[in-house]
Amino acid sequence: MINTLSQAFLQNRPCFDAAGWSIVESAFDCNKLHHQETVFTLGNGYLGTRGTFEEGYPGDCAATFINGVYDDVAIGKTELVNVPSWLPLVIKVAGETFRLDAGTVIKYERRLDMRLGLVSRDIRWRAPCGHTIDLHFERFASLADQHIMAVRVSVTSVDFTGDISIETYFDDADNQGVQHWEVLSKRSKNNYISLHSRTRHSSIQLGMATKLVLEGDQVSYIESCSQHSLTKTFACVPGQTISLEKIVTIFTSRESGNPLARACDWLELAPSYSTLLATHIAAWEQVWENSDIVIEGDNQAQVSVRFSLFQLLAAAPYRDNTVSIPPKTLSGFAYRGHIFWDTEIFAMPFFSFTQPQIARNLLEYRYNTLAGARRKAEEAGYKGAMYAWESADTGDETTPRWVPSSTGEQIRIWCGDIEVHINTDVAYAIWQYWKATGDDDWMVNYGASIILETALFWESRIEWNEARCGYDILDVIGPDENHDRVNNNAFTNVMVRWHLRAALNLWEWLQQKSPETALHIEQKLKLNDVRLDRWTEIEYRLYVNQDAETGLIEQFEGFFDLEDVDLQDYEPRTKSMQALLGIEATNQKQILKQPDVLMLLYLLRNIGRHESPNLHCDQKTLQANWNYYSPRTDHAYGSSLGPAIHAIVACDMNQPEEAYTHFLRAALVDLEDTRKNAAEGIHAASAGGVWQAVIFGFAGIRITPFGPIACPNLPPTWKRLKFKLQWQNHSYEFDLSSEAVHQHQEKQDSASLLNLAM
């Protein structure tokens, strides 16, 4: 299976540099336009810009998203809005405009240098009239100063004598037909232009300013400036190179009371392009110091892993605790920039163990939106806090209840009402951050309120089952969204068991650590002995169907009664099983979009024995559930969240080649567009899963009371795996070789899963 999969990938493989740091596009293919726009996305945590061309291209999808800038929309309530493009450069040779869809492209190369956070292009272009020029573009969104972006273009005449002009402006934002922006002013002053806009409903102001700077003083030029554009015109001869730098500043009213003035002042004070680039590169170097992963022996894995980490780091809120990471990062329109469980379960471990400050910001987003979770619980008739399945700036539910189909029929979307595992996902991420960092002060001031208020919700969400003398959680959707409105979903119920036990343990700790905070929460939530005893009873009596002999867990009540199918009967295919069979038909079959039970067993692996729910979990259990659920999972076209988890579980069962097959599905989902939807944006959860697959899968990292240890199980081609982890304010460096793996493997084979866990 692994060889077949690799051969399929080879047919559409991008070029990777030998150093393992660059993605290289060696020829332009207009059929891959939108896919490559996603791949060449740049970001700095404040904003993200898709990889469209400075000169534009017919039908392109130019987009820059600033995190937290939402505006109202009919379906989905609010969405992250595309801001006016800062990229445009119009280059004219003797009056003819440079474009890839005009004239002749003689040479072409585009490169994403992930180490430097830089996108560059080199082109030799012959104009329709016959003149030939070489162009070099490079651009970055500064990681050192999040409000600055920059482009440098160098034009070299090959055989042309005459005028070359370069014009820049701010292009109107296309928000897929929705008019989000009201232009307040366009101005020119001191050889720069500015734009002042405001969102029509949320009233967020945007200020942008830009200037063109000639590199060096040896070239004479004519400059023209209007409200809308800046132009510099040069006389050029063969062999002469002209370099021009475009500096852009962007602010919103989320950071400044007068974003236009701030952008203009910032532009005036901005240093040279070279200085900006140097500080930007230094910032990336510092980030990579703690977050990089080195893989020797497999260049494809090396580059694809770094690409996953690069896109997560490019979307991470370094300086803002009121935003999170959308499932498409800041690289596409899909999911409207709403926040899902993707961040907490898939991306958070990477940040907790390599960039704890970013992890704190992401979790404080959940604290800052706790009021919205309280409102949702109250509106639904429940206690405590109920996090939105899709959250935006306020934390209120933004999942649409009805969406139109392609035929105009209204389809009911239940996720916002009943995909309630999001509550325990948030609590789990907080708990894991706390265990990784030992940040007691943060838990006292932020985390405790979230864990306890979301635990209170479960008290009101469960129902008593007289026949079983136990509790049920009815009418939910688990992670496997092929099946909705099910009862006693195992993932949900077991994680609720964990959640309630964690809340009880936390409460005891909090009373000792901070009696004042505990008293405040006790009074607010009425955490008396009766309530706490009830939580203990629920945790003990909440229903989960697990076979006592085999350990097999039923995904939800009645799952085993559904029609069983052999997915191989539907091969070959190029779409999901749900797309092939329809929503209702798939709902009636044992076809998984995502591995609920395997995901559950993986998450429990990271929980200490005294924190574990009352569930039988050992190597035999893991094998039984793998054997049952993996063949029933739509690996290729189901959820992109699944393959990384399958890779980790396969490693736990000492199947590194099987693990590598699943790992590639996750690692190449965007680079090679394996699901044919990369044009919509980066798969952030899959990117986070890739890190987990490498660290917790192939490296076999387990967290013990004494720190992280490695129980590696490397793929056959990997000669070396090297990375750093931050744990409890200490840095741990792991340097694993294939020889060391062989020696360690003999010890690991006889060890059970839980014996290696804390």
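The values are calculated or read from the model by the stated rules, or taken from the named source; none is laboratory data. Since the model is a prediction, treat every value here as computed from it, not as a measurement. Glycine also receives a Cβ, built like all others from the backbone with ideal geometry; neighbour counts cover every protein chain displayed. Calculation scope for accessible area: heavy atoms of the full protein, side chains included, ligands and nucleic acids excluded. Shrake-Rupley method; radii C 1.70, N 1.55, O 1.52, S 1.80 Å.
Annotations for the structure displayed:
- Ser612, sole failed condition from (1) within 27 Å of the chain's Cα centre (by Cα); (2) at pLDDT below 95; (3) of a type in the set (Ser, Thr, Tyr): (1)
- First in the range 15-43 and open to solvent by 40 Å² or more (accessible area, probe 1.4 Å), second anywhere and small (Gly, Ala, Ser) and assigned to a loop (DSSP other than H, G, I, E, B), Cβ under 6 Å, 6 or more apart: Cys15/Ser26
- Those residues of the range 642-671 which are under 17 Å from the mean Cα position of the chain (by Cα) and part of a loop (DSSP other than H, G, I, E, B), in sequence order: Leu668, Val669, Asp670, Leu671
- Filter result for the condition that a residue is crowded, with 21+ Cβ neighbours inside 10 Å and free of Cβ contacts under 8 Å to residues at least 60 places away in the same chain, over Phe351, Phe340, Phe346: Phe351
- Matching residues in the range 168-186 - criterion: being open to solvent by 50 Å² or more (accessible area, probe 1.4 Å) and in a strand (DSSP E or B): Tyr169, Asp171, Glu182, Val183, Leu184, Lys186
- Test result for Tyr433, under 22 Å from Thr322 (Cα atoms), in contact with a Phe, Trp or Tyr (Cβ under 9 Å, 6 or more places away or on another chain) and open to solvent by 10 Å² or more (accessible area, probe 1.4 Å): no
- Lone qualifier among Thr674, Thr661 - being touching a residue at least 24 places away in the same chain (Cβ under 8 Å), more than 26 Å from Gly43 (Cβ to Cβ) and in contact with a Leu (Cβ under 6 Å, 6 or more places away or on another chain): Thr661
- Scan the range 381-398 for residues that are surrounded by fewer than 20 Cβ atoms within 10 Å (Cβ to Cβ) and farther than 18 Å from Leu525 by Cα and the total you get is 2.
- Of all residues in the range 150-205, those being in contact with a helix residue (DSSP H, G or I) (Cβ under 6 Å, 6 or more places away or on another chain) and of a type in the set (A, V, I, L, M) number 1.
- Only residues that are open to solvent by 10 Å² or more (accessible area, probe 1.4 Å) and either touching a strand residue (DSSP E or B) at 6+ places or on another chain (Cβ under 9 Å) or more than 30 Å from Asp134 (Cα to Cα) (or both) were counted across the range 55-69, and they come to 3.
- Ala359 among the aliphatic types (A, V, I, L, M), farther than 25 Å from Ile648 by Cα, part of a helix (DSSP H, G or I) and open to solvent by less than 10 Å² (accessible area, probe 1.4 Å): no
- Condition check for Asp484: among the acidic types (Asp, Glu), over 30 Å from Thr633 (Cβ atoms) and open to solvent by 20 Å² or more (accessible area, probe 1.4 Å): no
- So Ala448, is it in a loop (DSSP other than H, G, I, E, B) and at pLDDT 95 or above: no
- Criterion applied to Thr536, Thr517 was being within 25 Å of His616 (Cα to Cα) and either assigned to a helix (DSSP H, G or I) or touching a residue at least 40 places away in the same chain (Cβ under 8 Å) (or both), and the one residue passing it is Thr536.
- Residue match in the range 303-322 (condition: of a type in the set (Val, Ile, Thr), open to solvent by 20 Å² or more (accessible area, probe 1.4 Å) and either at pLDDT 95 or above or part of a helix (DSSP H, G or I) (or both)): yes
- The range 532-556, subset among the acidic types (Asp, Glu) and in contact with a helix residue (DSSP H, G or I) (Cβ under 9 Å, 6 or more places away or on another chain), residue surrounded by the most Cβ atoms within 10 Å (Cβ to Cβ): Glu539
- Unmet criterion (only one of (1) within 19 Å of Cys30 (Cα to Cα); (2) open to solvent by 50 Å² or more (accessible area, probe 1.4 Å); (3) in a loop (DSSP other than H, G, I, E, B)) for Ala74: (1)
- Residue selection: Tyr446 satisfies the criterion of being touching a Leu at 6+ places or on another chain (Cβ under 8 Å) and either among the charged types (D, E, K, R) or open to solvent by 30 Å² or more (accessible area, probe 1.4 Å) (or both).
- Among all positions in the range 573-584, there is at least one residue which is buried (at least 22 other Cβ atoms within 10 Å of the Cβ) and assigned to a helix (DSSP H, G or I).
- The listed residues are Glu138, Glu55, and the only one of them that is outside any loop (DSSP other than H, G, I, E, B), touching a Leu at 6+ places or on another chain (Cβ under 7 Å) and more than 28 Å from Tyr365 (Cα to Cα) turns out to be Glu138.
- Of the listed requirements (1) in contact (Cβ under 8 Å) with a residue 60 or more places away in the chain; (2) part of a loop (DSSP other than H, G, I, E, B); (3) farther than 28 Å from Gln311 by Cα, Leu87 misses just one: (3).
For (1) in contact (Cβ under 8 Å) with a residue 40 or more places away in the chain; (2) within 20 Å of Asp101 (Cβ to Cβ); (3) touching a Phe, Trp or Tyr at 6+ places or on another chain (Cβ under 7 Å); (4) not charged (D, E, K, R), each residue gets a yes or a no:
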site	(1), (2), (3), (4)
Asp113	yes, no, yes, no
Pro128	no, yes, no, yes
His131	no, yes, yes, yes
Phe137	yes, yes, no, yes
Leu143	yes, no, yes, yes
Met149	yes, no, yes, yes
Glu167	yes, yes, no, no
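- Unique match (being polar (S, T, N, Q), touching an Asp or Glu at 6+ places or on another chain (Cβ under 8 Å) and open to solvent by 30 Å² or more (accessible area, probe 1.4 Å)) among Asn627, Asn614: Asn614
- Any chance Arg375 is basic (Lys, Arg), open to solvent by 30 Å² or more (accessible area, probe 1.4 Å) and either closer than 21 Å to Asp71 by Cα or in a helix (DSSP H, G or I) (or both): yes
- The condition of being polar (S, T, N, Q), more than 38 Å from the chain's Cα centre (by Cα) and under 28 Å from Gly59 (Cα atoms) holds for only one of Ser194, Ser154, Ser165, that being Ser165.
- The lone criterion from (1) over 23 Å from Asn44 (Cα atoms); (2) crowded, with 21+ Cβ neighbours inside 10 Å left unmet by Thr231 is number (2).
- Test: residue in the range 243-252 that is over 32 Å from the mean Cα position of the chain (by Cα) and not hydroxyl-bearing (Ser, Thr, Tyr): yes
- Applying the criterion of being touching a Lys or Arg at 6+ places or on another chain (Cβ under 6 Å) and in contact (Cβ under 8 Å) with a residue 60 or more places away in the chain to the residues of the range 244-266, the residue that is surrounded by the most Cβ atoms within 10 Å (Cβ to Cβ) is Phe251.
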